Amino acid sequence: MGTALIYDEEMTKYKLLWVDPACKIEVPERLSVSYEALVRTGLSDRCVSVPPREASDAEILLVHSEEYLEGVKKTPHMTLEDLKEFTLQYGDVYFHPNIYHCAKLAAGSALQLVDSVMTGKVRNGMALVRPPGHHSMRSAASGFCVFNNVAIAARYAKQKHGAERVLIVDWDIHHGQGVQYCFEDDPSVLYFSWHRYERQKFWPNLRESDYDSVGKGSGAGFNVNVPWNEVGMENSDYLSVFCHVLLPVAYEFCPDLVLVCAGFDSAIGDPEGEMCATPDIFAHLTHLLMNLAGGKLCAVLEGGYNLTSLAQSVCQTVQTLLGDPLPQLANLRSPCESALESLQCVRSVQRRYWSILKHAGKTATDSATTDVSTKLIKLAKAEEEKAETAEDERSQEEKVWPEPAERLRPPVCSVSVLPDDAACPDGLKRLVSSKDLGPLLVSRIRNRSMEDAGDADGVATFSRLYTLIEKMRTNEVPSPSTGLLCGNGVALVPDVAAAVDLNCFHSSSFRVLVVCVGKEELNYATADGKMLVVQISGEDKEEQKGKYYIPVCLKKGCGDTVGFIQAVFGLLLPLGYEYDPGLVLLVRMPGSGVGDCMWQQLIGLLKGFAKGHTLVLMQTNDGACMGPTASALLGHPAPPLQELLTPLPDDGGALERMRERLQADWKMLQTTVSSGN
Ligand SMILES: COCC(O)(O)CCCCCNCCCN
Ligand SMILES: [Zn+2]
């Protein structure tokens, strides 16, 4: 299924008609520049073009009051003076004779997107709209917004398409207070927003934008605010919040639909956000949401005022929605102190509402908690001083960042290495040609992995595996012999443990992340850091052997979905981002007990690393899950993990303690302010 793109140049036909410093950044070129970038890069041609439509009164009244709508309806006929007068009643927004028309088109575009996705016409999509929406309230315009496009879309999805749970992810750098107010007592809509806050000193300067606004009444826990109390946040800060807050909660919420308030003023270069995250981060943020709700994701443009980073970020988002392999995120640093402070505060208030966070931020004793809070106050004071001085420096420097690297484009194929008698699943290309392996390698394979040295078929399979690895390593160009641009693959091998051993022959030139699901003993060489092995099993392994072998024990085995998801988001993904491998080797040990849905989710998530170069190894007699494996490798969204809706008491405490122990070596595992320094 495809990706919808909604755009109409009509929405560029309104602008600021008078002087207002607060509004001058919201210009029509924001929309045209974004669309032109999609055209120039060939991405728009790959999308399903869906026309916008005007939202009806009834649809607008799903969120807004009659009196507000009646007022806005009068603006097309107003004189310039009347428009100024009308505007004065609201903050940081402007009206124009054509803005009502555009506001109906913007809201209608979001509804068209919801229809296209909920009816299965497309898998996901993006609407490029103006005016944006997330600040507008029931009876008030605010922050360049007239109608709350995404809030209307959420109510519409519930009413027209019977969606029971809708997740709204707001990665715009401003707090979408309009969305928060709309759903704060509604447990069927989970609103997540991060935003520049600076301890309430940043617009819209609301006390209720802080982390302790968790929703009200039956909506308690369904509002998640992550305040950024400093500018300059980077990719690692954003990814930490996704891994340690948003994703665990989102998976437990198990939405039927994901709506994104896709504002790109959170990207580097933006005058409003003053953050340092690069445009390619949105490829990863989008990807990390794409296995929720069976892939049903609607992104609706909100803010973004640096036309260069806006256009680049929009392209990164759309290219990921289309399913292209992700860019590698270079040199992540550890989350900064201020981000860790926010992370710790959010997790500590939200853990009483989300069982998956139940063990979050568990401090040893109360005194530790007060220590941390006094430390936070000291930290805040220090920031105050620093903020005053830094203010002027910052405004001078112009941010520069590298153009995002060209990403792999189709045809990137999924290949399979199978025993001759095994059927090749639809969509996968069978690798049959295997280059002649030198006698040395053959003998090494034989005596490493073949009980029966005469097993020609086994050697043939291994040699094909070797070919597959070679293809992935040198994948930048389609191979001359097969024309294949080898993206990922699956191999059924006679002896999985030996195959992993085989791999350590070849990982000399780049890092391999080895994810083992199941309990078999593996022999690998990890001391040199060329391999990071994370083994998830039900076995209580003896202490980990050094930094590069991390045994994760799930007391209730790999069939425990809550524990598995906690291990994936709390440990595996942060480790993967920090380790930044060139290849991911996912090994499914026989008898692991992992469920097919969880297995597909795992493959889907791991494809975010190493430009999608994932090699799945399974034992020949484990071929039953070849179907789900092939589906995930081909990029089909994984089915929702319904079990998370009624989580059983888990042993997340053990995982939390393990994470705290490992964070000395792995900084992306941090979720609290380091009490040490
Ligand atoms: C949903 O609209 C997208 C948005 O969140 O980016 C709107 C931001 C309004 C920012 C208003 N203050 C501007 C002060 C000038 N420095
Ligand atoms: Zn914004």
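To keep it simple, each residue is scored yes or no on (1) over 26 Å from Ser509 (Cβ atoms); (2) out of contact with any Gly (no Cβ under 9 Å at 6 or more places or on another chain); (3) surrounded by fewer than 22 Cβ atoms within 10 Å (Cβ to Cβ).
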residue	(1), (2), (3)
Leu571	yes, yes, no
Asp580	no, yes, yes
Leu583	no, yes, no
Val594	yes, no, no
Gly623	yes, yes, yes
Pro640	yes, no, yes
Leu644	yes, yes, yes
Gly653	yes, yes, yes
Select, from Val260, Val241, the only residue that is in contact with a Phe, Trp or Tyr (Cβ under 8 Å, 6 or more places away or on another chain), within 16 Å of ligand 2 (Cβ to nearest atom) and of a type outside the set (Asp, Glu).
-> Val260
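Results for (1) acidic (Asp, Glu); (2) away from ligand 2 (no atom under 16 Å from the Cβ); (3) surrounded by fewer than 17 Cβ atoms within 10 Å (Cβ to Cβ), shown as yes or no for each residue.
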residue	(1), (2), (3)
Ser49	no, yes, yes
His77	no, yes, yes
Tyr94	no, no, no
Ala110	no, yes, no
Of all residues in region 151-178, which are within 16 Å of ligand 2 (Cβ to nearest atom), in contact with a Cys (Cβ under 7 Å, 6 or more places away or on another chain) and either free of Cβ contacts under 8 Å to residues at least 24 places away in the same chain or farther than 17 Å from Leu285 by Cβ (or both)?
-> Ala151, Gly178
Could you tell me whether Gly215 is crowded, with 21+ Cβ neighbours inside 10 Å and more than 16 Å from ligand 1 (Cβ to nearest atom)?
-> yes
Look at Gly133 and say whether it is within 16 Å of ligand 2 (Cβ to nearest atom) and either modelled with pLDDT under 95 or not assigned by TED's automatic domain parsing to the domain that holds Glu10 (or both).
-> no
Given (1) touching a residue at least 60 places away in the same chain (Cβ under 8 Å); (2) buried (at least 22 other Cβ atoms within 10 Å of the Cβ); (3) within 16 Å of ligand 1 (Cβ to nearest atom); (4) not charged (D, E, K, R), where does Leu343 come up short, assuming only one miss?
-> (3)
Residues of region 237-289 being of a type in the set (Ser, Thr, Tyr) and more than 15 Å from ligand 1 (Cβ to nearest atom), in sequence order, are Tyr238, Ser240, Tyr251, Thr278, Thr286
Return yes when Asp265 is in a loop (DSSP other than H, G, I, E, B) and within 16 Å of ligand 2 (Cβ to nearest atom) and no when it is not.
-> yes
Residue satisfying condition, being surrounded by 15 or more Cβ atoms within 10 Å (Cβ to Cβ) and either part of a helix (DSSP H, G or I) or in contact with a Ser or Thr (Cβ under 7 Å, 6 or more places away or on another chain) (or both), within set Val33, Val63, Val27, Val39 = Val33
In region 296-310, which residues are part of a helix (DSSP H, G or I) and either buried (at least 23 other Cβ atoms within 10 Å of the Cβ) or within 14 Å of ligand 2 (Cβ to nearest atom) (or both)?
-> Ser309, Leu310
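The values are calculated or read from the model by the stated rules, or taken from the named source; none is laboratory data. Keep in mind that this is a model prediction, so the values were computed, not measured. Here the Cβ is made from the backbone with ideal geometry for all residues, glycine too, and neighbour counts use every protein chain on show.
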